[in-house]
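Reviewing the structure listed below.
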Amino acid sequence: MRLKYIDDFRDPATAKALVERIRGDAGNAPVRLMEVCGTHTVAIARSGIRPLLSGAVTMLSGPGCPVCVTPDGYIDAAISLGRDRRVLLASFGDMLRVPGRSSSLEKEKGNALEVRIVYSPLDAVTLAAATPDREVVFLGVGFETTAPAIGGAIKTAAVRRVGNFSVLPSLRTIPGAMEVLASDPDVRIEGFLCPAHVSVVIGTDAYRPIAETYGIPCVVAGFEPLDILLGISMLLRQKKEGVARVENEYSRVAQAAGNRKAQEVIREVFVPCDTGWRGIGVIPGSGLRIAEAYAAFDAEKKFGVPVVFAQEKTACRCGDVLKGKILPDDCPLFGKACVPEEPYGPCMVSGEGTCAAYYKYGAA
Amino acid sequence: MHDKILLSHGEGGKRTRDLVVKVIARYFDNPVLAPFLDAGLLGRIEGEIAFTTDGYVVTPPFFPGGDIGRLAVCGTVNDLAVCGAKATAISCGLILEEGLPLSSLERALSAMRDAAEEAGVTIACGDTKVVERGKGDGIFITTAGVGVSVDGWRPAPSAVRPGDRILLTGTMGDHQVAVLIARRNLAIEAPVTSDVSPLGGLLLPLLPRFADKIRFMRDPTRGGVGVTLNEMASSANARFVLDEARLPVRESVRGVCEILGFDPLYLANEGKAVLIVDGNAAEEIVAALRRHPYGREAAVIGEVEAGSPGVRMRTLAGGVRAVDYPVGDQLPRIC
């Protein structure tokens, strides 16, 4: 591991120069840019970039936090599955505190529901193989970044004939959601800072329709502070030149065509479907469900527990936060009825949630 | 002797006696403990007394750089040290799970003996209980410690003022990352060893010399430097501003944190102390700390500023952000 490499992307002098360039390129009114991905949101908050650019750039946070956009109906389905004594749930850690309609996995864990935290979907297959008397259900939440790993786990389970493994999928794809936001007149996005890891899988060409159809500049950027500042600067340069195209700041990893092998796994194991995004609504073709060939590993079918999507009606404005319509401070619950210890909405739950990042790193 | 701990080892009969006399006494051989009375007689102690207690639960009990035995001695010795007290005597309460290999117990006991010897503290009394299989996690240890305060120095959070410096005696997160890796469920290999060590020898000699310069000290164990500093800022009612560029983190620890999305600020340490000191004496104190093997990487990591209380950080990118308490454990992220 070359960690000197990290330092190169955190150099204070270069950061200062980039901030000056961004300020120089910005006009009189702040430019409205959106960071689509939750990892960017956290990196921006952690490195204190938002106040550094205040007045020049308004960074809106997008829907790219998998935990945040998972509808509460999914959590309810997971809990009701977990109440079946045969079932042993396996999940990524950050799903545990997400509230469903009446409870969360963490609270149910206190009531004897069994959830094992795993670090990769393949660990859940191993767990299933080691506990043949239980039905291991993996909570398959994520974007294009985790979909190949979950697909790979399903394929592995099929090859090894691990029949007691299944996945309750809640997988979404990013470009569809970006198009919804690009076409929303209330959001008025002037540039997209596109996700690093997702782009490694889907390829930077995936954003071309957004740049071309909606005339919004797109820059794929890495997650280090300098990556982000450079990405923002590249967006401002496009705006200044009056162009809208896809540029790649993260060329050290992301390619135009993406990772073909990962894409093949996604195509083999999943098929696109309409899916609900918490706070946003149903976006046609933006989800991935498990293909017929692998239906035996689809927990929704196996146990007949459907994931129901219903638009929540609450005072929580996570939906508007996820769409970049408001900043967390504009929500009446933020920091009052909704805090990380007792989250009301999903954006406060996940470590990558916009509200959690604002709450944790804000208030300088 | 059996090669595993049995329930009868805790029932008070012959097996209990055998365990104490033939095993435990072999490691803890000192005149206070030797008569096996119901209390250790410490005799007359000169000075002001400090007293503390802690329970030790760690999975796995053995990890690179240490184990639960060394931890149980160092944790209590360090709680005394950061309060300015030299540990004199500690107790050893063992809660063993039925089926624990005797060799594991002996390994922990020998580590306790070695750590106590290093810290110059007597293991003066003890107790052993055995719980049924499944009701414990191999071995739990509780220790309580009595110490004598260094003359002329007391922790004084109220003396903290703007211009004071925040010192850390070494790198962050080594202990927790070593334990995480030792659990072997991460599929990560990294050469990280726990920093578990007794800090009396590092900290106490500084106190007479810098009596009016060292305001107060804490050991950033559970919750890490981030939580400890929040607690310190609130007890001093002061604004602490950290400098991200100066936070010492070992490369291997940073690598693991990058992969898992952990912040080293919130990872446990077992051989580090945070000191708030007079700004004018800071460099001299850092130099003194660096002369000790457990303080080689000591550094100034921030300062006390005027303004609303709490902890802030000046980031590498040039911004300022809050450093708050985390909610719950850090959980590995999805993507």
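Annotations for the structure displayed:
- Among the conditions (1) under 16 Å from B:ALA124 (Cα atoms); (2) part of a strand (DSSP E or B), the only one that B:ASN30 does not satisfy is (2).
- Scan of segment B:9-52 for residues that are polar (S, T, N, Q) and surrounded by 16 or more Cβ atoms within 10 Å (Cβ to Cβ), ordered by number: B:THR16, B:THR52
- Pick from segment A:107-125, criterion open to solvent by 80 Å² or more (accessible area, probe 1.4 Å) and farther than 17 Å from A:VAL137 by Cβ, ranking: farthest from the other protein chains (Cβ to nearest Cβ): A:ASN111
- The single condition among (1) part of a loop (DSSP other than H, G, I, E, B); (2) out of contact with any Pro (no Cβ under 8 Å at 6 or more places or on another chain) that A:VAL271 does not satisfy is (1).
- Of the residues contained in segment B:97-106, none is found to be among the polar types (S, T, N, Q) and modelled with pLDDT under 95.
- Residue selected from segment B:231-247 under the condition open to solvent by less than 20 Å² (accessible area, probe 1.4 Å) and out of contact with any helix residue (DSSP H, G or I) (no Cβ under 6 Å at 6 or more places or on another chain), by the criterion nearest to the other protein chains (Cβ to nearest Cβ): B:VAL241
- Subset of segment B:166-184 (residues that are open to solvent by 10 Å² or more (accessible area, probe 1.4 Å), out of contact with any strand residue (DSSP E or B) (no Cβ under 9 Å at 6 or more places or on another chain) and in a loop (DSSP other than H, G, I, E, B)): B:ARG184
- B:LEU19 vs. criteria aliphatic (A, V, I, L, M) and either part of a helix (DSSP H, G or I) or at positive phi (or both): yes
- Counted residues, segment A:219-272 - those being without any contact (Cβ under 8 Å) to a residue 40 or more places away in the chain and open to solvent by less than 30 Å² (accessible area, probe 1.4 Å): 4
A quick yes/no check of all residues on (1) out of contact with any helix residue (DSSP H, G or I) (no Cβ under 8 Å at 6 or more places or on another chain); (2) under 19 Å from B:ASP195 (Cβ atoms); (3) surrounded by 18 or more Cβ atoms within 10 Å (Cβ to Cβ):
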residue	(1), (2), (3)
B:GLY55	yes, no, no
B:PRO60	no, yes, no
B:GLY84	no, no, yes
B:ALA87	no, yes, yes
B:GLU106	no, no, no
B:MET112	no, yes, yes
B:ALA119	no, yes, yes
B:ILE123	no, no, yes
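- In summary, A:LYS239 fulfils each of the numbered conditions (1) touching an Asp or Glu at 6+ places or on another chain (Cβ under 9 Å); (2) not in a helix (DSSP H, G or I) with the single exception of condition (2).
- Test set (1) at pLDDT below 95; (2) more than 10 Å from every other protein chain (Cβ to nearest Cβ); (3) within 22 Å of A:GLU224 (Cα to Cα) - A:PRO51 fails condition number: (2)
- Residue pairs meeting the criteria (Cβ under 6 Å; at least 6 apart or on separate chains; first on the phi < 0 side of the Ramachandran plot, in segment A:68-95; second surrounded by fewer than 23 Cβ atoms within 10 Å (Cβ to Cβ) and basic (Lys, Arg)): A:ASP72/A:ARG101; A:ASP76/A:ARG101; A:LEU88/A:ARG134; A:ALA90/A:ARG116; A:ASP94/B:ARG333
- Failed item in (1) under 30 Å from A:PRO30 (Cα atoms); (2) touching a helix residue (DSSP H, G or I) at 6+ places or on another chain (Cβ under 6 Å); (3) crowded, with 24+ Cβ neighbours inside 10 Å, with A:ALA182 passing the rest: (3)
- Among the residues of segment A:182-218, those identified as within 14 Å of another protein chain (Cβ to nearest Cβ) and in contact (Cβ under 8 Å) with a residue 60 or more places away in the chain are A:PRO195, A:ALA196, A:HIS197, A:VAL198, A:VAL201, A:ILE202.
- Residues located in segment A:189-218, provided they are assigned to a helix (DSSP H, G or I), closer than 18 Å to A:ARG32 by Cβ and open to solvent by less than 10 Å² (accessible area, probe 1.4 Å): A:TYR207, A:ILE210, A:ALA211
- Pairs linking a residue in segment A:14-25 that is at the interface with chain B (Cβ under 9 Å from one of its Cβ atoms) and of a type outside the set (Ser, Thr, Tyr) to a residue that is open to solvent by 20 Å² or more (accessible area, probe 1.4 Å) and not in a helix (DSSP H, G or I), with Cβ atoms under 7 Å and 6 or more positions apart or on different chains, are A:ALA15/B:LEU316; A:ALA15/B:GLY318; A:LYS16/B:GLY318; A:VAL19/B:GLY318.
The rows are residues; the columns are (1) surrounded by 20 or more Cβ atoms within 10 Å (Cβ to Cβ); (2) more than 14 Å from chain A (Cβ to nearest Cβ).
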position: B:VAL277; (1), (2): yes, yes
position: B:ARG291; (1), (2): no, yes
position: B:GLU297; (1), (2): no, yes
position: B:PRO309; (1), (2): no, no
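- Subset tally (residues that are under 21 Å from A:TYR74 (Cβ atoms) and of a type outside the set (Ser, Thr, Tyr)) for segment A:158-185: 10
- One residue stands out in segment B:206-235 among those that are without any contact (Cβ under 8 Å) to a residue 60 or more places away in the chain and of a type outside the set (A, V, I, L, M): the one that is farthest from B:GLN176 (Cα to Cα), namely B:PRO208.
- With respect to the conditions (1) in contact with a helix residue (DSSP H, G or I) (Cβ under 6 Å, 6 or more places away or on another chain); (2) among the basic types (Lys, Arg); (3) under 19 Å from A:ALA221 (Cα atoms), A:ARG32 lacks only one, and its number is (1).
- Residues that are touching a Pro at 6+ places or on another chain (Cβ under 9 Å) and open to solvent by 40 Å² or more (accessible area, probe 1.4 Å), drawn from segment A:335-350: A:TYR344
The values are calculated or read from the model by the stated rules, or taken from the named source; none is laboratory data. Just so it is clear, the model here is predicted, and its values are computed rather than measured. So basically every Cβ, Gly included, is an ideal-geometry build from the backbone, and we count neighbours across all protein chains shown. Side chains are part of the model used for accessible areas, which takes the heavy atoms of the whole protein and leaves out ligands, DNA and RNA. Shrake-Rupley method; radii C 1.70, N 1.55, O 1.52, S 1.80 Å.
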